[in-house]
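Take a look at the structure set out below.
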Amino acid sequence: MLSAGAQALVVGAALSATAAMAHLACILIGAPAYRFMGAGERMARAAEAGRLRPTLVTLVITMILLLWSVYALSGAGVIGPLPLIRLVLVLACAVYLVRAIAFPFLKPAFPENSNTFWWISSGICGLIGLAYAYGTLSLWQTL
C-alpha cells in the first residue's frame with residue numbers, strides 16, 4: 001500500500017499526464033481544439049494556417065508535463081529512482097503553484113486567452129501543484 005505522500009504524487013503524475021494528453025489533442029485536432037482549450041485565437045489561426053509555432057510550443061509543454069509525470073511516479077516509488085528527483089519535483093511543484101496564483105499577472109500578456117481558460121487552467125495547476133507539494137514534502141527523507 002502506498003503512503004499518502006506517494007498517493008499524492010501518483011495523483012499528480014496522472015493529472016500531469018492527462019494535461020500532456022490534452023495538449024497533444026490540440027496538435028492532433030488543430031484549431032478547434034486550441035479554441036476549445038482557450039489558447040486564444042492567434043494560436044488557433046496559426047494552427048489553421050499550418051504554422052509550426054503552435055505545434056512546437058505545445059510539444060514543448062507536453063514533453064515537460066510528461067517528464068514531471070515520470071518524476072512524480074519515481075518519487076512515489078512506482079518506478080525506479082531518477083537523478084535530481086528532489087530538484088525536479090520541487091521545480092514542478094513551484095511552476096504549477098506559481099502558474100496557479102500568478103494568472104492575473106500573466107493574463108495581460110495573453111489577451112486572447114479566455115477568462116474560462118485562466119480560471120480552469122489555474123485551478124487545475126493549483127490542484128496539481130498541491131499534490132506535488134504534499135507528496136514531495138511527505139516523502140522528502142526517502143527521495
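Among the residues of the stretch 62-81, are any within 13 Å of the chain's Cα centre (by Cα), surrounded by fewer than 14 Cβ atoms within 10 Å (Cβ to Cβ) and more than 24 Å from residue 141 (Cα to Cα)?
Yes, that holds for at least one residue.
What is the residue count in the stretch 102-128 for residues that are outside any loop (DSSP other than H, G, I, E, B), touching a helix residue (DSSP H, G or I) at 6+ places or on another chain (Cβ under 9 Å), surrounded by 13 or more Cβ atoms within 10 Å (Cβ to Cβ) and of a type outside the set (Ser, Thr, Tyr)?
Adding up the residues that qualify gives 9.
Taking the stretch 20-56 only, how many residues are under 20 Å from the mean Cα position of the chain (by Cα), at positive phi and either among the β-branched types (Val, Ile, Thr) or modelled with pLDDT of 95 or more (or both)?
Total meeting the criteria: 1.
Identify all residues within the stretch 60-93 that are among the small types (Gly, Ala, Ser), in contact (Cβ under 8 Å) with a residue 24 or more places away in the chain and assigned to a helix (DSSP H, G or I); write none if there are none.
The answer is 69, 72, 75, 92.
List the residue pairs whose Cβ atoms are under 7 Å apart, where the first residue sits in the stretch 35-56 and is within 22 Å of residue 103 (Cα to Cα), the second is among the aliphatic types (A, V, I, L, M) and in a helix (DSSP H, G or I), and the two are 6 or more positions apart or on different chains.
Going by the 7 Å Cβ cut-off, the qualifying pairs are 35/44; 37/22; 44/31; 54/43; 54/46; 54/47.
The values are calculated or read from the model by the stated rules, or taken from the named source; none is laboratory data. The structure displayed is predicted, hence computed values, not measured ones. With ideal geometry, Cβ positions are generated from the backbone for all residues, glycine too; neighbour counts draw on all protein chains shown.
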